[in-house]
1. Hey, can you tell me all the residues within segment 144-166 that are β-branched (Val, Ile, Thr) and crowded, with 18+ Cβ neighbours inside 10 Å?
2. Pairs, please: C-beta under 8 Å, at least 6 apart or cross-chain, first residue within 17 Å of residue 61 (Cβ to Cβ) and modelled with pLDDT of 95 or more and in segment 130-152, second β-branched (Val, Ile, Thr) and surrounded by 17 or more Cβ atoms within 10 Å (Cβ to Cβ)?
3. Which ones in segment 158-195 are polar (S, T, N, Q) and touching a strand residue (DSSP E or B) at 6+ places or on another chain (Cβ under 6 Å)?
4. Starting from residues that are outside any strand (DSSP E or B) and either touching a helix residue (DSSP H, G or I) at 6+ places or on another chain (Cβ under 8 Å) or basic (Lys, Arg) (or both), keep the ones in segment 430-444 and report whichever is least open to solvent (accessible area, probe 1.4 Å).
5. Can you tell me which residue in segment 393-429 is least open to solvent (accessible area, probe 1.4 Å), limited to those that are modelled with pLDDT under 95 and basic (Lys, Arg)?
6. Does residue 169 meet the test of being part of a loop (DSSP other than H, G, I, E, B) and open to solvent by 40 Å² or more (accessible area, probe 1.4 Å)?
7. Out of (1) buried (at least 18 other Cβ atoms within 10 Å of the Cβ); (2) touching a strand residue (DSSP E or B) at 6+ places or on another chain (Cβ under 6 Å); (3) β-branched (Val, Ile, Thr), the odd one out for residue 366 is which?
8. Enumerate the strands (runs of 3 or more DSSP E) found wholly within segment 17-78, keeping only those where 2 or more residues are surrounded by 14 or more Cβ atoms within 10 Å (Cβ to Cβ).
Amino acid sequence: AQYGSDAIAGVMNIILKDRYQYSTLSLTSGITSKKDGFTNGLSFNSGANFGEKGFINYTVSLSKQNNAVRSGIIDLASEQKAFEDSSNLVGQAKAIADYLKIYPTANNRNGTGEITAAKFLLNAGIPVGDKGMFYGNAAFIAKKAISNANFRTPYWKKDFGLLHVPGTTYIGYEPTFEGDLSDYNMTLGFRDETNGWHHDISLTTGGNKQLYSVNNTLNHSLGAASPTSFKPGGYQFDHIVGNIVINKNLSDQFSIGFGTEVRTETFTTIAGDTASYTGEGANSFPGFRAENAGTYRRFNIGVYLDASYDITRDFLLNGTVRTENYSDFGSATVAKVSTRYKFDEDKIILRGSLSSGFRAPSLQQIYQQSTQAAFSDGKINLSGLFNNISKQAFLLGIPKLKSEKSTNLSLGIGLKPTKDLNITLDFYSIDVKDRIVYSSSISSKDSTTILSDILKSANVKTIQFFINGIKTRTQGLDFVANYKNIWIGKGKMALNLAGNYTITNEIIGSP
């Protein structure tokens, strides 16, 4: 309830390295049991301290992962059936059988892909006065991924003489699908305490850009005039978040906290080069069409109030309410109530909470449109994803997206038999309704329908939408045990055991 849309069922607490103790150099390496997928990485962490509390801590990391191929043997009967309607070659069944005798995997290299990454992370704090601290952290990641599409066999696709040496036997071609990712985030903030009032103000910016490349393939609609490398476009997302948090213990029994968050978000679909989406588009991954490209923005503001009251020394009651308003989505209000009771001088603790949550549809889910190659009816066909504010959605009566909503219940017990041993066991139940999912692939064999006209105009066989399609229930148990201060020689050891058991994870009702 304090965190709004991002915390429909929980919050992650990321703890960064702070005060510098020593530099570390780490080298990692590994390989699979089949002697492929070799990985290696190098990471260096260092920093410096200044004053009693000032610090700077940074990490530089490089890593590489090779492809681990797990191609399977192609079933002849299934392959012949999948291509039985194809008319681009004479003697299709025989051609398939002859090819698979020589290349039983159909030359596929199905695997994990090759990934190269470089990362830089920084965390720093500058003390101000007795209790104040300017703080900042930042990260930048650059990543290159190369994967292989299914091999295009001679009985499936022609290459118009572009991807093999003329005069040699044509055995097909294998498109590559490559991605270049850049990701960054940075936070600057100041926290302090004045007359018992704790306040923390911060500004965060972050973004992610993914650009795609498709090589060693062609656009069959362009024939022999097709290029063999394409830039299909990509996606970019950026946001800026401002936060103010204030809290104080007004008495030994009562404390309050309140705050606000302001956020802007920007999502961009980047169009591909014209050849990547003309007609069929680049084989294996058509580019993003110019009409599907665009930049979309929204603004939202949220405020919350939190209060805790110790009814007795052992009995605590806590409540929180938050309201949020989105420029493109509307408003939502969520709340939480929690309690805790201690027995036997804090050795036994009972606790529980009940809360509501929501998640606004993301900009990507609201505005994204694309055409992709997908399996349907045993074959690879082009499938279109249309957004819910498109003319296609309007013509077919597809509703606009609304927020996901959740109800969260947790009940637990904590045990502290000794000062060094802590044990907790919690039951949780999370119901989420109106969860946003892909619709089924929709197609039409009736040429007189609106759906058929839409499929034809978009040059696709099927279409999909994001929909508020399902309600889910997840229930389980969380167990954590900690035992500390175990003396070993001159040092101490701590043991931690944690486990989770899922009781229920299911769709409720009919999707």
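1. The one that is β-branched (Val, Ile, Thr) and crowded, with 18+ Cβ neighbours inside 10 Å: 153.
2. 137/187; 138/187; 143/115; 144/115; 145/115
3. 176, 182, 185, 187
4. For segment 430-444, the residue satisfying everything is 444.
5. For segment 393-429, the residue satisfying everything is 405.
6. When the stated conditions are applied, residue 169 passes them.
7. (2)
8. Result: 39-50, 54-65.
The values are calculated or read from the model by the stated rules, or taken from the named source; none is laboratory data. Source: prediction; values computed, not measured. In this analysis, Cβ positions are derived from the backbone assuming ideal geometry, glycine residues included, and neighbour counts consider all displayed protein chains. We work out accessible area using only protein heavy atoms, side chains counted, and drop any ligands, DNA or RNA first. Shrake-Rupley method; radii C 1.70, N 1.55, O 1.52, S 1.80 Å.
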